[in-house]
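Taken together, the values in this text are just the output of simple stated rules run on the coordinates, not laboratory data. None of the values given here were measured: they were computed from a predicted structure. In this analysis, Cβ positions are derived from the backbone assuming ideal geometry, glycine residues included, and neighbour counts consider all displayed protein chains.
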Amino acid sequence: MSDIITKPELAALKEGDPDAVSRLWQELREPSLRLAYYYTSSWDDAEDVFQISILKALDHLAQFDDNRNFAAWFRRILVNTCYDWRKEAWRRLRSMLSDVQWRQLSAPEGGSVTDIQGHIAKLPRRMRMVFILRDMEGQSVREIAEILAISEDTVRVLSMQARRKIREAATEDI
Amino acid sequence: MTCSEIKQALAKQFDDSLALTITPEMAGHVEGCEACEAYAQRLALLSRQIVAHRSIPVPSRSRRRKARHSPRGHWGLRFGAALALGLLLVTAFVWRPGSSPLNLAAESNLVLTDTHLDGEPAQTIIYQLPEDQNTTIVWVYR
């Protein structure tokens, strides 16, 4: 995976150079927002996920090994923040609903999402992330395995299952 | 090839690569079979939707803010609420002689910003800003 950040730039970031932070922000914002949107189905939530991720990355920058791939490291933070966002979103929703409403609720569906986004939203957590990284982001099986800390075989299996589920959902009336 | 074989082959292609290729062997059947043709078209559409979704543009913050505050879907509710409140106030003035904004304010959570009031108002105007939860009521005296 080609990296998005050079070693001098990384050094500037570690020294807290605000221009370097700003450049990093610009560099990461669009692809990160898109990935988070695919996961959360909301641009506002995607923005929150991105901002939390970048703050986490800056917080832990001192521990980042310069020989590692920064893009993959940040992707991993972003993915974990997406997972946490989902837990937090459900926790908040649960606290707002009565037991009856909670039982009636099956899966979160945004009213404005496209069909394909709706299908993605219904996939289980890890399968969804594999689908997003592979089929929306175009990352290789090896890269996804590294980001999600799972084996390449697991990535392949989850990818096939995700595609199958989306296909079945889209053709259930035929 | 049978319908089941065609569907299986198309599904496998989709699951393997998200792409579809109708081989000459399949074509003969698909062209004459409505169900298989519909299935192939649906998968091809799904494949195109996924590809199109990859380059979904990231909206700017201002566009998102604008969309969030879009009055669509809320105006009816707000207008209804304002109308109901207006009717309530009018009813209060009509059916409760002696009521005035001062009395009403004392009985509710209304905050009066101008207390140069004398008698009952000739007109009541209620308006609500689209991005504001507060309702402003203006009493007109003649």
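Figures for the structure shown
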{"item": "Rg in Å to one decimal, and Dmax rounded to a whole Å, for chain A via C-alpha atoms", "result": "17.7, 59"}
{"item": "Kirkwood-Stokes translational diffusion coefficient of the stretch B:3-54, alpha-carbon pairs, 4 °C, 1.567 mPa s, µm²/s", "result": "116 µm²/s"}
{"item": "Angle between chain A longest axis and helix A:70-96 axis [Cα atoms, degrees, rounded to 10]", "result": "40 degrees"}
{"item": "³J(HN,Hα), Karplus 6.51/-1.76/1.60, whole Hz, each residue of the stretch A:126-140, x for Gly, Pro", "result": "6, 4, 4, 5, 5, 4, 4, 5, 7, 8, 9, 8, x, 7, 7"}
{"item": "Two-site FRET efficiency, A:Ala169 against A:Leu61, from Cβ-Cβ distance with R₀ of 30 Å, rounded to 0.05", "result": "0.15"}
{"item": "Ranked A:Thr171, A:Thr6, criterion: other C-beta atoms within 10 Å, fewest first", "result": "A:Thr6, A:Thr171"}
{"item": "13 Å reach of a label modelled at A:Leu93, 7 Å along Cα-to-Cβ, counting backbone N of the stretch A:21-42", "result": "A:40-42"}
{"item": "Packing-based exposure ordering (other Cβ within 10 Å, fewest first) of A:His119, B:His53", "result": "B:His53, A:His119"}
{"item": "Packing-based order for A:150-157, A:51-58, using average beta carbon neighbours within 10 Å, highest first", "result": "A:51-58, A:150-157"}
{"item": "For the stretch A:110-174, diffusion coefficient by Stokes-Einstein and Kirkwood Rh (Cα), 37 °C, 0.692 mPa s, µm²/s", "result": "270 µm²/s"}
{"item": "Spin-label proximity, A:Arg29 to the stretch A:50-90 - amide N less than 13 Å from point 7 Å beyond Cα toward beta carbon", "result": "A:50-51"}
{"item": "Computed lengthening from B:Ala19 to B:Glu5, 0.36 nm per intervening residue step minus Cα-Cα distance", "result": "3.3 nm"}
{"item": "Contour minus Cα-Cα distance for A:Glu15 and A:Arg68 (0.36 nm per residue)", "result": "17.3 nm"}
{"item": "Mean separation of Cα contacts under 8 Å, 6 or more apart, over the residue count of chain A: relative contact order %", "result": "23 percent"}
{"item": "Förster radius 25 Å - calculated FRET efficiency between A:Asp48 and B:Arg42, Cβ distance, rounded to 0.05", "result": "0.10"}
{"item": "Neighbouring partner chain Cβ atoms per residue of B:52-59, average, 10 Å criterion", "result": "5"}
{"item": "Using θ = phi - 60° and Karplus 6.51 cos²θ - 1.76 cosθ + 1.60, couplings along the stretch A:160-174 (whole Hz; Gly, Pro as x)", "result": "5, 5, 5, 4, 4, 4, 5, 4, 5, 5, 7, 10, 5, 8, 9"}
